[in-house]
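Heads up: the structure comes next, in structure tokens.
Since every read-out is calculated from the coordinates, none of them should be taken as a lab result. Because the structure is predicted, anything quoted here is derived from the model rather than measured. Virtual Cβ from ideal backbone geometry, glycine too; neighbours counted across all protein chains shown.
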Amino acid sequence: MNQHQQLIELSKKMIDYSESALRRYEFSKQEGTRGDFHTEVKPFADEVKETAILWKEAATNWVIEHKPKNLHSNQIETAADYIEVISVQAFFPETSRKRFLDQIQSVEFILHSLILAVEKVTKIK
């Protein structure tokens, strides 16, 4: 798998995590119950963090190399940070809905923007 395809796959995986976190958050809010730390929160958060680290490195390198017009390395850093926070906050019903949804929206916007930018570059070449 080439660098571009790997970055797209990692980005899609991050989107899946974001969507899973949103579903889990909605469940926590609706039921009013917290997730069990050792069986739910930590395994999910660890898995997300592992992928976020790989994604952040690949995405940052790609942005530095290709210099897309509307994406910058600080946005990559922010998205990676937010997804890690989201992966934990999703399990707690007391998490602010507005803040949680704003962070999800921000992460997904950056991920989708990156995928489009990578696809655009690969079609040009």
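The order of the peptides 39-48, 83-92, 102-111 by mean Cβ neighbours within 10 Å, most packed first, is 83-92, 102-111, 39-48. Restricting the range 1-90 to trypsin sites (Lys or Arg not before Pro) that sit in a DSSP loop and have at most 16 other Cβ atoms within 10 Å of their own Cβ leaves ARG34, LYS69.
Charging the Cβ of each Asp and Glu at -1 and of each Lys and Arg at +1, and nothing else, the dipole of the chain about its Cα centre rounds to 480 debye. Taking every lysine pair in the range 3-124 that is 8 or more places apart or spans two chains, those with Cα atoms closer than 15 Å amount to 7. Normalised by 2.2 N^0.38 Å, with N the number of residues, the alpha-carbon radius of gyration of the range 3-124 equals 1.10.
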